[in-house]
Amino acid sequence: MDLGIAGKWALVGGASKGLGWGCARALALEGVNVVMVARGAEVLNKAVDDLRDETGGKVKLIALAQDITTSAGREAIWNVAGGPGKDYDIVVTNAGGPPPGDFRDWDREAWIKATVDGMAARGFGRIVNITSSAVKAPIDVLGLSNGARSGLTGFVAGASRSKIAGQGVTINNLLPGKFDTDRIRATLPAMAQKQGKTVEEMRAIQQAQIPAGRYGNPQEFGAICAFLCSQHAAYMTGQNVLADGGAYAGTF
Ligand code: NAP
């Protein structure tokens, strides 16, 4: 299926690995030019080089090593050489996620405000916020994250249904359950130790609790993101889309 977004410009946060990388890759494979942001230049440059090879140089891919939690980092993104300035057609808000007990996430609302009017004026825009299944089923040790992400979810519920809904701009949230990324790999050892298990046993226990019987992978997450950014998803806005292999057991 042609997603109808070739030639557009996307900004993807946290794009050197994990879920952000999955989104950047899926968009680039659809012909979208992507500014990929992460702090570590080495991993980011490698990710961009590999994607350039995979896409055969058909799209513009720009690596921008910046900390998006800082105003200097955000300013750099608007001014990146060869980029679209603030005229992004697609924005995927994502970063590394908050550590337990602390919240250092970036202000996603600032991105929405900075890009949405231009999108509306041009008659096309897609904003996808990568949040978490914790918005629907809170995780006890991530209290501040649960709260802040729920706040963003409420903001999006209203903003997505404002005037922009009639101007070709959609805002949706994509909620990952458990995906096999560095983030999950980093949390496993402590969890395993706490329960007196090996890391491999802990992985198996977690995967057995997911109806799909496995963790998700960044490529399949990226494909859902690309669909939400497509022309075909024009009538879908203000939604919270779970990708969790069936882990959340609610009817809705
Ligand atoms: P990940 O594999 O650790 O990747 C995080 C990406 O964000 C990396 O590219 C990282 O690169 C970048 N990043 C982190 N802090 C940044 C900053 N301040 N500025 C710019 N880039 C930054 O994590 P992930 O699993 O993809 O998770 C992405 C998001 O999904 C997080 O918010 C996480 O809480 C959420 N989530 C993930 C899961 C899961 O199972 N994986 C489940 C629920 C929710 P640098 O470190 O080099 O900057």
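The values are calculated or read from the model by the stated rules, or taken from the named source; none is laboratory data. Quick caveat: nothing in here was measured; it's all calculated off a predicted structure. FYI the Cβ positions are ideal-geometry reconstructions off the backbone, even for glycines, and counts take in every protein chain you see. To get the accessible areas, we keep the full protein, side chains included, count just its heavy atoms, and leave off ligands, DNA and RNA. Shrake-Rupley method; radii C 1.70, N 1.55, O 1.52, S 1.80 Å.
Side notes on the structure shown:
- When A226, A233, A247, A243 are checked against the criterion of being within 15 Å of V92 (Cβ to Cβ) and in contact with a Lys or Arg (Cβ under 8 Å, 6 or more places away or on another chain), a single residue qualifies: A233.
- Selection of region 7-28 for residues being out of contact with any strand residue (DSSP E or B) (no Cβ under 6 Å at 6 or more places or on another chain) and free of Cβ contacts under 8 Å to residues at least 40 places away in the same chain yields only G7.
- A137 within 14 Å of the ligand (Cβ to nearest atom), part of a loop (DSSP other than H, G, I, E, B), over 22 Å from V91 (Cβ atoms) and out of contact with any Ser or Thr (no Cβ under 8 Å at 6 or more places or on another chain): yes
- Flag if L152 is outside any helix (DSSP H, G or I) and either aromatic (F, W, Y) or in contact (Cβ under 8 Å) with a residue 12 or more places away in the chain (or both): no
- In region 57-90, of all residues being farther than 25 Å from F227 by Cα and acidic (D, E), the one that is least open to solvent (accessible area, probe 1.4 Å) corresponds to D67.
- Residue count, region 26-56 (criterion: open to solvent by less than 50 Å² (accessible area, probe 1.4 Å), more than 11 Å from the ligand (Cβ to nearest atom) and in a helix (DSSP H, G or I)): 5
- Considering I139, I127, the condition of being of a type outside the set (D, E, K, R) and in contact with a strand residue (DSSP E or B) (Cβ under 7 Å, 6 or more places away or on another chain) is satisfied by I127 alone.
- Check on V91, touching a helix residue (DSSP H, G or I) at 6+ places or on another chain (Cβ under 7 Å) and hydrophobic (A, V, I, L, M, F, W, C): yes
- Count of residues meeting criterion [polar (S, T, N, Q), within 14 Å of the ligand (Cβ to nearest atom) and not in a helix (DSSP H, G or I)] in region 174-230: 3
- The residues of region 194-242 that are in contact (Cβ under 8 Å) with a residue 40 or more places away in the chain and among the charged types (D, E, K, R) amount to a single one, E220.
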